[in-house]
1. Counting alpha carbon pairs within less than 8 Å and at least 6 residues apart, what relative contact order, in whole percent, applies to segment 18-107?
2. Using a cut-off of 22 Å between alpha-carbon atoms, which lysines can reach K121, once sequence neighbours fewer than 8 places away in the same chain are excluded?
3. Would you kindly derive the ³J(HN,Hα) couplings of segment 40-50 from the backbone phi angles with the Karplus curve 6.51 cos²θ - 1.76 cosθ + 1.60 (θ = phi - 60°), listing them in order in whole Hz, with x for Gly and Pro?
4. Farthest toward the dipole's positive end in segment 1-89, which of P69, Y9, V52, given Cβ charges of +1 (Lys, Arg) and -1 (Asp, Glu) about the Cα centre?
5. Take segment 81-165, drop everything but the C-alpha atoms, weight them equally and run the Debye formula without solvent; then report log10 I(q)/I(0) at 0.19 Å⁻¹ to two decimals.
6. Kindly provide the trypsin sites (Lys or Arg not before Pro) of segment 31-113 that DSSP labels as loop, not H, G, I, E or B, and whose Cβ sees at most 13 other Cβ atoms within 10 Å.
7. Would you mind computing Rg(Cα) / (2.2 N^0.38 Å) for segment 12-55, counting N as its residues?
8. Quick one: what are the phi-derived ³J(HN,Hα) couplings along segment 149-154, Karplus 6.51/-1.76/1.60 with θ = phi - 60°, whole Hz, x for glycine and proline?
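The values are calculated or read from the model by the stated rules, or taken from the named source; none is laboratory data. This structure is a prediction, so every number in the text was calculated from the model and none was measured. Cβ sites come from the backbone with ideal geometry, for glycine too, and all protein chains shown count toward neighbours. Just so you know, the surface numbers come from the protein's heavy atoms only, side chains and all, with ligands and any DNA or RNA stripped out. Shrake-Rupley method; radii C 1.70, N 1.55, O 1.52, S 1.80 Å.
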Amino acid sequence: MSRDLIEDYLNTHLQLVQSVERLTEEQLKWKQEPGSWSVTEVLTHLADHNIVVSFRIRDILADTKAQLPAFNQDSWITGQHANEGNAADVLRVFGSLLQYNSLLFARLSDSDWNKSGINFKGESVNITAIIQGFTAHVQRHLAQIERIKAAAAVAATSATAPNVH
């Protein structure tokens, strides 16, 4: 298997850490509107997604032939009161799971990487594609975090701007 694939997978943790390293607790929990996600909720979603992907990979390797599970991301975020969590804790879990999975990846043969399962859309996906998809998913959410940070900065500037009549 390509070392680049595993390196890109592992690098997602550093990218997330760097994206949020200068944010205050208030900035991490800020929401543009009630139905939108905060940075902490985005991070929690990515940890949840990592758990689900980890299960999917292990299910494929176990050759269970069961349809790979989907999950309702919004319900998971709401149900676990994600915005009350701590972003640093979430990032530690995310990074630990990446490391744990990388140990598994190092043991896989080329044929293991090509093993596949059926996703919730009814499509066949192999382990390589799942890892590539996970890494791309993190990249999309890194862009979301940047949008949240920009919106929060605008809101903060508007809140502190003097009213001129």
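1. Details: 52 pairs, mean separation 30.3, N = 90.
Relative contact order for segment 18-107 comes out at 34 percent.
2. Correct list for K121: K65.
3. 4, 5, 4, 4, 5, 4, 5, 5, 4, 4, 5
4. Comparing the listed Cα positions along the dipole, P69 ranks first.
5. Here log10 of I(q) over I(0) equals -1.07.
6. Numbers: sites: K31, R56, R58, K65, R92, R107; in loops: K31, K65.
For trypsin sites (Lys or Arg not before Pro) across segment 31-113 that sit outside H, G, I, E and B with at most 13 neighbouring Cβ atoms in 10 Å, the list reads K65.
7. Numbers: Rg = 11.7 Å, N = 44, 2.2 N^0.38 = 9.3 Å.
Cα Rg divided by the expected 2.2 N^0.38 Å: 1.26.
8. These are the phi-based 3J(HN,Hα) values: 4, 5, 5, 5, 5, 5 Hz.
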